[in-house]
Amino acid sequence: MPDSSQDLLLQNGRVLDPSQGLDRQADVLIRSGRIAAIGPNLAAPEAARLDASGCVVAPGFIDLHAHLREPGREHAETIESGGRAAAAGGFTSVLAMPNTQPVNDSASVTHFIVQTAREQSPVNVFPVGAISEKSCGERLASIGAMREAGIVAISDDGRPVMNSDLMRHAMSYASGFGLTVIDHCEDLDLSAGGQMHEGFTAVRHGLGGISAASEEVMVSRDILLAAKTGARFHVAHLSTAGSLDMVRQAKRRGLPVTCEVTPHHFTLTDEDVKDYDANFKMKPPLRSREDRDAMLEGLADGTVDAIATDHAPHAGSEKMQEFDVAPFGIIGFETALGLALDRLVHTGRISLARLVELFSVNPARIVGLDRGTLKVGAVADITVFDPERRWTYDVNQSFSRSRNTPFHGLALRGGPVATIVTGKIVWQVGS
Ligand SMILES: [Zn+2]
Ligand SMILES: [Zn+2]
């Protein structure tokens with residue numbers, strides 16, 4: 001949606017772009033929606049100005065995993081409201097998962113999403129196409145036609161592919177089209193009836209458990225199939241130490257396997273599930289302390305490639321039910337960067353450069369987007385953030401149409417300051 005008529009000068013920020021090994025105090029000049037120059041004291045008398053002193057100026061953040069609910073469940077979120085929430089979280093691009101109503105399994109639904117986003121969303125929306133028709137796991141969706149219409153990956157997130165033969169075919173197709181296969185790894189027989197992570201806390205709450213094995217069986221299957229087909233395979237919302245180990249080994253073998261971790265899986269554990277509050281109910285569930293610590297380790301040692309939100313809005317009437325009948329999922333755009341700065345950078349686990357890799361450079365690479373860089377000539381998608389800004393998350397101020405978060409009232413150190421898409425400021429703190 002943003003037009004890019006006026007030039008923009010970002011002054012005196014710390015320009016941090018791991019895609020070109022850049023980390024220096026400088027100005028960034030944007031002309032006609034593209035990066036025109038980076039350097040000290042740039043002169044551009046006609047340009048609009050943004051003072052970035054004390055802030056990091058980074059390539060725009062890309063969320064590989066979000067649910068925007070349109071078409072079909074606009075009471076929970078729309079492409080416009082989700083796009084605004086993403087912008088307020090510092091994201092310049094989001095990947096929209098296909099489990100809408102109808103499912104994005106055809107070029108016409110893909111066209112609808114692309115067109116609506118162009119007209120209404122302040123951030124770029126890249127649709128993910130379904131693997132199978134209606135995500136029913138029986139017949140492959142029209143992957144080639146969706147590719148033409150603009151999908152950047154395929155996934156049956158929300159309704160994972162149980163049929164291994166279908167997944168093998170999907171991977172063969174995908175590698176032919178140069179598309180990444182993103183899988184929500186869950187064996188539905190192993191997780192049947194589960195409400196939270198299988199363990200002591202689930203027993204104490206009298207809730208059905210979702211075992212680590214229900215995820216790990218499918219991670220293992222998909223790595224095998226990726227090795228056989230040559231497909232690029234990306235593990236969505238990886239949550240267990242065992243899954244992480246398998247990804248680590250696959251990478252050592254040189255396989256094109258990558259993974260993402262959500263902010264909730266690197267901050268919370270199953271012990272945080274209290275008072276049957278459904279804002280702590282998601283899939284995969286909050287895991288054990290050992291699993292959470294493994295996520296922190298993987299984020300630090302490079303095994304984890306990306307931080308993705310799995311932003312999953314649900315209307316109050318759906319989510320404010322008994323724990324066992326409430327739907328899975330939480331919103332996440334506006335808290336992701338704050339949680340990462342607070343829990344990963346300020347604890348000394350990762351550097352700011354690594355954070356920018358996890359939010360921007362790597363996501364672009366995983367799905368082959370021409371983004372995630374501030375190189376001169378690149379599209380000017382930029383995230384400006386202040387690592388020191390202290391703020392408290394108030395979900396009642398959220399741009400999302402939904403309020404399902406476990407992080408309401410949380411005080412954080414560090415957060416987004418301005419979001420720039422194709423050279424235009426689409427969100428600014430306090431605006
Ligand atoms: Zn999922
Ligand atoms: Zn999801």
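The values are calculated or read from the model by the stated rules, or taken from the named source; none is laboratory data. What you are looking at is a predicted structure, and each value in this text was computed from that prediction instead of being measured. Virtual Cβ from ideal backbone geometry, glycine too; neighbours counted across all protein chains shown.
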Looking only at region 315-340, which residues are touching a Phe, Trp or Tyr at 6+ places or on another chain (Cβ under 9 Å) and on the phi > 0 side of the Ramachandran plot?
-> none
Of these, Glu74, Glu80, which one is acidic (Asp, Glu), away from ligand 2 (no atom under 16 Å from the Cβ), farther than 17 Å from Gly329 by Cα and outside the structural domain of Pro387 (by TED's automatic domain parsing)?
-> Glu80
Which listed residue, of Ser243, Ser239, is part of a loop (DSSP other than H, G, I, E, B) and within 30 Å of Leu352 (Cβ to Cβ) | Ser239
Within region 152-188, the count of residues that are within 24 Å of the chain's Cα centre (by Cα), more than 16 Å from ligand 2 (Cβ to nearest atom) and either surrounded by 24 or more Cβ atoms within 10 Å (Cβ to Cβ) or aliphatic (A, V, I, L, M) (or both) comes to 6
In region 72-79, is there at least one residue being modelled with pLDDT of 95 or more, of a type in the set (A, V, I, L, M) and within 18 Å of Val367 (Cβ to Cβ)?
-> no
Considering only helices (runs of 4 or more DSSP H) wholly within region 268-340, the ones with at least 1 residues that are surrounded by fewer than 22 Cβ atoms within 10 Å (Cβ to Cβ), free of Cβ contacts under 8 Å to residues at least 24 places away in the same chain and more than 16 Å from ligand 1 (Cβ to nearest atom) are 289-301, 316-319
Which condition number in (1) more than 25 Å from Thr422 (Cβ to Cβ); (2) of a type in the set (Phe, Trp, Tyr); (3) touching a Pro at 6+ places or on another chain (Cβ under 6 Å) is the one that Phe385 fails?
-> (1)
Would you pick out the residues in region 53-80 that are in a loop (DSSP other than H, G, I, E, B) and of a type in the set (A, V, I, L, M, F, W, C)?
-> Cys55, Leu68, Ala76
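Looking at Gly409, Gly430, Gly377, which one is without any contact (Cβ under 8 Å) to a residue 40 or more places away in the chain, farther than 24 Å from Thr267 by Cα and of a type outside the set (Asp, Glu)?
Numbers: Gly409 fails: farther than 24 Å from Thr267 by Cα; Gly377 fails: without any contact (Cβ under 8 Å) to a residue 40 or more places away in the chain.
Among Gly409, Gly430, Gly377, only Gly430 is without any contact (Cβ under 8 Å) to a residue 40 or more places away in the chain, farther than 24 Å from Thr267 by Cα and of a type outside the set (Asp, Glu).
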Just name the residue that is farthest from the chain's Cα centre (by Cα) out of those in region 250-267 that are outside any helix (DSSP H, G or I) and surrounded by fewer than 24 Cβ atoms within 10 Å (Cβ to Cβ).
-> Arg253
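For region 213-259, what are the residues that are among the aliphatic types (A, V, I, L, M) and within 16 Å of ligand 1 (Cβ to nearest atom)? I'd like the intermediate steps shown before the answer.
First, the residues of region 213-259 that are among the aliphatic types (A, V, I, L, M): 213, 217-219, 223-227, 231, 235-236, 238, 241, 244, 246-247, 250, 255, 257.
Residues satisfying the conditions are Val217, Met218, Val219, Val235, Ala236, Leu238.
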Pick out the one residue from Ser142, Ser155 that is of a type in the set (S, T, N, Q) and more than 14 Å from ligand 1 (Cβ to nearest atom).
-> Ser142
Looking at region 89-102, which of its residues are in contact with a strand residue (DSSP E or B) (Cβ under 9 Å, 6 or more places away or on another chain), over 22 Å from Tyr393 (Cβ atoms) and assigned to a loop (DSSP other than H, G, I, E, B)?
-> Met97, Pro98
Is at least one residue of region 241-257 closer than 26 Å to Val152 by Cα, among the hydrophobic types (A, V, I, L, M, F, W, C) and in contact with a Cys (Cβ under 6 Å, 6 or more places away or on another chain)?
-> yes
Which ones in region 122-134 are surrounded by 17 or more Cβ atoms within 10 Å (Cβ to Cβ) and in contact with a Ser or Thr (Cβ under 9 Å, 6 or more places away or on another chain)?
-> Pro122, Val123, Asn124, Val125, Phe126, Pro127, Val128, Gly129, Ala130, Ile131
Scan region 320-347 for residues that are aromatic (Phe, Trp, Tyr) and within 16 Å of ligand 2 (Cβ to nearest atom) and jot them down.
-> Phe328, Phe333
Could you list, in sequence order, the residues of region 359-395 that are surrounded by fewer than 21 Cβ atoms within 10 Å (Cβ to Cβ) and among the hydroxyl-bearing types (Ser, Thr, Tyr)?
-> Thr392, Tyr393
Of the residues in region 193-235, those that are over 21 Å from Glu271 (Cβ atoms) and buried (at least 23 other Cβ atoms within 10 Å of the Cβ) come to Met218, Val219, Asp222, Ala226, Ala231, Phe233, His234, Val235
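Which of the following residues is in a loop (DSSP other than H, G, I, E, B), more than 13 Å from Ile62 (Cβ to Cβ) and either assigned by TED's automatic domain parsing to the domain that holds Leu22 or modelled with pLDDT of 95 or more (or both): Gly372, Gly368, Gly348, Gly414? Full working, then the answer.
On the way: Gly372 fails: more than 13 Å from Ile62 (Cβ to Cβ); Gly368 fails: more than 13 Å from Ile62 (Cβ to Cβ); Gly414 fails: in a loop (DSSP other than H, G, I, E, B).
Answer to the selection: Gly348.
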Output yes when any residue across region 23-30 is on the phi < 0 side of the Ramachandran plot, modelled with pLDDT under 95, over 21 Å from the mean Cα position of the chain (by Cα) and buried (at least 18 other Cβ atoms within 10 Å of the Cβ), and no when none is.
-> no
